[in-house]
């Protein structure tokens with residue numbers, strides 16, 4: 001129907017499209033909020049050139065989130081400060097944007113939540129909530145040693161997700177040192193068997209980004225300081241004194 005030059009069917013179609021886009025946007029915002037990311041990170045802000053050992057093509061492929069449909073896991077391994085958390089957050093954000101239920105936590109925080117849930121007799125309900133996540137991100141396994149009970153509860157979470165949902169795990173330790181965190185060689189072997197059955201491994205070893213930035217700031221700071229030696233003109237024969245000033249500022253005039 002047309003009236004006074006208005007194409008009503010097309011107008012209504014456009015309104016419907018805008019409504020769907022708005023609903024999708026609000027749903028994405030809810031998923032991002034529910035994921036409990038400490039900060040929002042994307043792959044656009046990650047410096048791949050600073051970590052040439054990282055398989056960039058695999059990271060881009062993982063950002064399509066097809067591994068979640070296949071219930072595959074992702075392990076990010078490497079020394080501290082190489083961007084493991086950044087990549088984990090970026091993949092988590094991509095998952096939320098593509099409609100997947102996602103949850104982010106650190107290993108220590110998750111263990112604390114499990115222990116509290118056990119003490120309050122709601123452990124089974126909490127475990128079911130975790131199992132419903134399409135992607136469970138567990139950051140920083142290896143930074144804090146776990147108690148025997150904590151390690152067992154964490155193992156149970158990973159076991160329940162085996163071939164039922166995707167897990168993304170970051171660690172600063174190689175596999176052969178995981179026993180130091182979990183405390184049991186047998187449990188460590190069983191955990192690795194489940195995590196690595198369907199897995200994508202990203203090795204992220206290199207110089208710490210934070211250390212590199214700290215060194216750069218230190219260098220820039222020292223470059224901006226110039227040391228001059230100038231005698232006081234008003235006091236002939238006086239000992240020279242050192243005047244420090246930024247190369248971007250003019251030195252104060254001698255008195």
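Any chance region 100-118 includes a residue that's under 24 Å from residue 154 (Cβ atoms), part of a loop (DSSP other than H, G, I, E, B) and either in contact with a strand residue (DSSP E or B) (Cβ under 8 Å, 6 or more places away or on another chain) or modelled with pLDDT of 95 or more (or both)? Yes, region 100-118 contains at least one residue that is under 24 Å from residue 154 (Cβ atoms), part of a loop (DSSP other than H, G, I, E, B) and either in contact with a strand residue (DSSP E or B) (Cβ under 8 Å, 6 or more places away or on another chain) or modelled with pLDDT of 95 or more (or both).
Close contacts from region 19-32, counting a first residue that is surrounded by 10 or more Cβ atoms within 10 Å (Cβ to Cβ) and a second that is at pLDDT 95 or above and not in a helix (DSSP H, G or I), with Cβ to Cβ under 7 Å and a gap of 6+ residues or different chains, come to 31/101; 31/102. Answer with yes or no whether residue 124 is exposed (fewer than 13 other Cβ atoms within 10 Å of the Cβ) and in contact with a helix residue (DSSP H, G or I) (Cβ under 9 Å, 6 or more places away or on another chain). When the stated conditions are applied, residue 124 passes them. Taken over region 46-63, the criterion of being farther than 17 Å from residue 207 by Cβ and touching a helix residue (DSSP H, G or I) at 6+ places or on another chain (Cβ under 8 Å) is satisfied by 56, 59, 60, 62, 63. With respect to the conditions (1) assigned to a helix (DSSP H, G or I); (2) in contact with a helix residue (DSSP H, G or I) (Cβ under 9 Å, 6 or more places away or on another chain); (3) crowded, with 18+ Cβ neighbours inside 10 Å, residue 88 falls short on a single one, namely (2).
Here is a check on your reading of the model: is residue 136 assigned to a strand (DSSP E or B), closer than 20 Å to residue 70 by Cβ and in contact with a helix residue (DSSP H, G or I) (Cβ under 7 Å, 6 or more places away or on another chain)? Answer is yes for this residue.
Identify the residue in region 124-165 that is at positive phi and in contact (Cβ under 8 Å) with a residue 40 or more places away in the chain and, among all such residues, is farthest from the chain's Cα centre (by Cα). Per the stated criteria, the residue is 163. Can you find even one residue in region 181-194 that is assigned to a loop (DSSP other than H, G, I, E, B) and assigned by TED's automatic domain parsing to the domain that holds residue 116? Yes, because at least one residue in region 181-194 is assigned to a loop (DSSP other than H, G, I, E, B) and assigned by TED's automatic domain parsing to the domain that holds residue 116.
The values are calculated or read from the model by the stated rules, or taken from the named source; none is laboratory data. Note that the coordinates shown come from a computational prediction; the quantities given were computed from them, not determined experimentally. We place every Cβ from the backbone using ideal geometry, glycine too, and count neighbours over all the protein chains shown.
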